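Supplied in structure tokens, the structure appears directly below.
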Amino acid sequence: MRKVVDFKTALSYGLALTLASGSAMAADASRAPAGNLADGTALETLTLTNGQGVSAKILTYGATLQSLMAPGRDGQVADVLLGYDDVKDYVDHPNYFGVTVGRYANRIAAGKFTLDGKAFQLPVNDNDVNSLHGGGKGFDKQVWKVVSLKSGPTAKAVLALTSPDGDSGYPGKLDVTVTYTLDESGNLGIAFDAKTDKPTIVNMTNHAIFNLQGEGSPDGALGHMLTIPAKAYTPVDANLIPTGELKPVEGSVFDFRAPRRVADGIRDGRDQQIVYGRGYDHNMALDKGLTKAPELAARLEDPASGRVLEVLTTEPGVQFYTGNFLDGTFIGKSGHLYRMGDGIALEPQKFPDSPNHDNFLSARVDPGKPYHHQMIYRLSVKR
């Protein structure tokens, strides 16, 4: 039997919704058809739902987080993720909305890296300059297999993919799983695991773009308050490749160690980094570094709705991106036209272009030493 915690009572104390001690609440997991690719390949939608109004929909195409429903302080539930209603649009108009990114999230300069003295060339798919988010046909453009789906105190969906040796230029056969979990406390966990038969590089994340007012809201997401516990970030060149420097955030528009409105720095043309990124599109070097268990990487709050998102990760960096390349040509959910600033991405990961910077934490993965990244999207409500 499911015990439902009264939502308004929880809000009256300004607390995140949590399980009462000893309760027998359970989260549900279900699956449904989601259409077919042009070649007839069947696609599915997996849905995880808890008793507090939080639910997540995951597509087998790209192991994509398609929607994330969350209640606000008024009890109204809204989808806080930019994206598409129809899986066909993820195929025909890819823009990384909520996808699983791999093999390597973010940019690699000129698509080149060297491993054990051997040079590798990846597809150059970022303005014909860099390899971006795996290059070519990345993990976001693959159909993933559903390994398991189950309800319980924590609902769970496990998806798997095999990337063959040489896939998009990367060495080694890579067996990958992505595990989504949802509990009654509003924690949506995402675990990325991979094992290889040859030395390779791996850097996986989720590319969700958030608007805590609800996707498509006319005010966009730039009024959100953001906190990132990082005293340094990695500046970039004109092609958005890190220079290798770890630059202190103090005194700059990149200082989010205390809560700040995102809008306050996004148009500051006096900062060349903002000019290069057309806003924020930068890796923040988290003070915590690489950790065994997920720790706080960012806290995003929408003062209007009271919705709060905390992003936790085991990885040492988080890419902060303000949707700068959304130019009004992307028609998303419910016919909403997405523009710059309509959403905010907070992507936990290794640093961009780390294979080409000896001072960055290595993204190398070897046989017998699997890759693991655990991240959490933690939803709560502030009164």
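Readers should treat all values here as calculations from the given coordinates under stated rules, not as data from a laboratory. Just so we're clear, the structure is a prediction, and the values are computed from it rather than from any experiment. Quick reminder, even Gly has a Cβ in these numbers, built from the backbone with ideal geometry, and neighbours come from all protein chains shown.
Quick one: work out Rg over Rh on the C-alpha atoms of the range 281-361, Rh as Kirkwood radius.
Result: Rg/Rh = 1.06.
Shifting gears a bit: Using a 10 Å cut-off around each Cβ, can you sort Leu182, Leu361 from fewest to most neighbouring Cβ atoms?
Working: Leu182 26, Leu361 15.
Taking fewest neighbouring Cβ atoms as first place, the list is Leu361, Leu182.
Using 1/(1 + (r/R0)^6) with R0 = 25 angstrom and r between the beta carbons of Ala38 and Asp128, what's the FRET efficiency to the nearest 0.05?
About 0.40, to the nearest 0.05.
Going through the cross-link list Lys88/Lys137; Lys231/Lys288; Lys150/Lys292; Lys156/Lys288, which pairs have a Cα-Cα distance over 18 Å in this structure?
Violating the 18 Å limit, Cα to Cα: Lys150/Lys292; Lys156/Lys288.
Would you work out the relative contact order for the chain, in percent, from Cα pairs under 8 angstrom that are 6 or more residues apart?
About 18 percent, as a whole number.
Follow-up question, since we're still on this one. When Ser185, Ser163 are ordered from fewest to most other Cβ atoms inside 10 Å of their Cβ, what list results? Walk me through the numbers before you get to the answer.
Values: Ser185 17, Ser163 24.
With the fewest neighbours first, Ser185, Ser163 line up as Ser185, Ser163.
Return Thr49, Thr314 ranked ascending by Cβ neighbour count within 10 Å, so the fewest neighbours appear first.
Thr49, Thr314
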